[in-house]
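Here's the structure we're looking at; comments come further down.
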Amino acid sequence: MWILFQLRLKGESFTSLARKIGCSQQAVTQVSGGKPSFEIEKAIAKELGVPHADLFPEHFDSAGERIPLLRTSQRKRSEIAKSRNVDFGEAC
């Protein structure tokens with residue numbers, strides 16, 4: 001909700017920002033809630049005047065590099081492997 005509050009202080013909303021960047025209001029809402037989308041995150045950060053990595057720190061590593069997104073199936077296999085203490089390696 002911090003993002004929405006900051007947008008409102010600037011006289012903006014999720015809907016107006018979505019129009020500016022050419023996506024749906026739902027997409028902006030989802031991204032502001034933590035769903036990764038590099039381009040929408042950058043647009044929100046730019047609109048708020050905040051560094052991208054500062055606004056979405058959970059999507060960056062300690063060196064400030066963007067954490068690559070895994071496909072859902074890769075993520076699920078990774079979670080299963082961790083829970084079972086198994087290494088699927090590069091085959092997955």
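What the table below lists for this structure:
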read-out	value
Among (1) of a type outside the set (A, V, I, L, M); (2) touching a Phe, Trp or Tyr at 6+ places or on another chain (Cβ under 9 Å); (3) modelled with pLDDT of 95 or more, the one test that S32 misses	(3)
Residues being in contact with a His (Cβ under 9 Å, 6 or more places away or on another chain) and not charged (D, E, K, R) - total across the range 1-49	5
Residues (in contact (Cβ under 8 Å) with a residue 24 or more places away in the chain and of a type in the set (S, T, N, Q)) located in the range 1-39	Q6, S32
In the range 52-61, the residues that are outside any helix (DSSP H, G or I) and within 17 Å of W2 (Cβ to Cβ)	F56
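The values are calculated or read from the model by the stated rules, or taken from the named source; none is laboratory data. Small disclaimer: the values here were computed from a predicted structure and weren't measured. Note: ideal-geometry Cβ built from the backbone for every residue, glycine included; neighbour counts use all protein chains shown.
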